[in-house]
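So the structure is just underneath, and the comments pick up after that.
Computed from the coordinates by the stated procedures, all read-outs in this text should not be read as laboratory data. Keep in mind the model is a prediction, meaning the values are calculated, not measured. Note that we place each Cβ from the backbone using ideal geometry, even for glycine, and neighbour counts take in every protein chain shown.
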Amino acid sequence: MSQFQLFDAVKLRESLVLEDGNTAPVGTAGAIVEVFNNGEAYMVELFGRWVTAEPGGDFVDSSADEPEAFMETIGVETVSPEQIHLVTPARETVGVRAELLALMEELSEEKLEAVLHFAEFLKYKGTQAAKAS
């Protein structure tokens, strides 16, 4: 199992040259968007400043307090586990459904079938309990 999970919030441990030639400094925030080879590498969406979008499509500086604000994506890069550290696990930011989806990406077809059968069993038990009440 990999050290980081899909959708984990992370930060860079070291500066990173981005594909466009700019540099993301140490401490740049990001999110795991893909896990490669059971955690040998990760694709991370890296974020810059807080911005809002203007009607013409331009971004203007903003703050996290603004209702329409979001963090600008500065790059999507492949990194090694040593280049990042965990800030917030996915289960705390996107919920149990997203965590389950991320875990299922790492399971074999045989194990996925077992999860499916167990979920069907739980659904059946819930239906039976609802009928009994």
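Miscellaneous remarks
- Taken together, GLY75, GLY30 contain a single residue that is within 25 Å of VAL96 (Cα to Cα) and touching a strand residue (DSSP E or B) at 6+ places or on another chain (Cβ under 6 Å), which is GLY30.
- Selection from segment 1-59 of residues that are basic (Lys, Arg) and either closer than 30 Å to MET104 by Cα or outside any strand (DSSP E or B) (or both): LYS11, ARG13
- One residue stands out in segment 26-68 among those that are under 21 Å from the mean Cα position of the chain (by Cα) and aromatic (Phe, Trp, Tyr): the one that is surrounded by the most Cβ atoms within 10 Å (Cβ to Cβ), namely TYR42.
- Test for VAL96: is it surrounded by fewer than 10 Cβ atoms within 10 Å (Cβ to Cβ) and either closer than 28 Å to VAL10 by Cα or in contact (Cβ under 8 Å) with a residue 12 or more places away in the chain (or both): yes
- Segment 69-115, subset closer than 30 Å to THR23 by Cβ and acidic (Asp, Glu), residue nearest to the chain's Cα centre (by Cα): GLU92
- If the condition is being surrounded by 15 or more Cβ atoms within 10 Å (Cβ to Cβ), of a type outside the set (Asp, Glu) and touching a residue at least 60 places away in the same chain (Cβ under 8 Å), then segment 69-85 contributes VAL79, PRO81, GLN83, ILE84.
- Pairs with Cβ under 7 Å, 6+ apart, first in segment 31-44 and of a type in the set (S, T, N, Q), second not in a strand (DSSP E or B): ASN38/SER2; ASN38/GLU106
- Any chance ALA90 is closer than 14 Å to LEU6 by Cα and not β-branched (Val, Ile, Thr): yes
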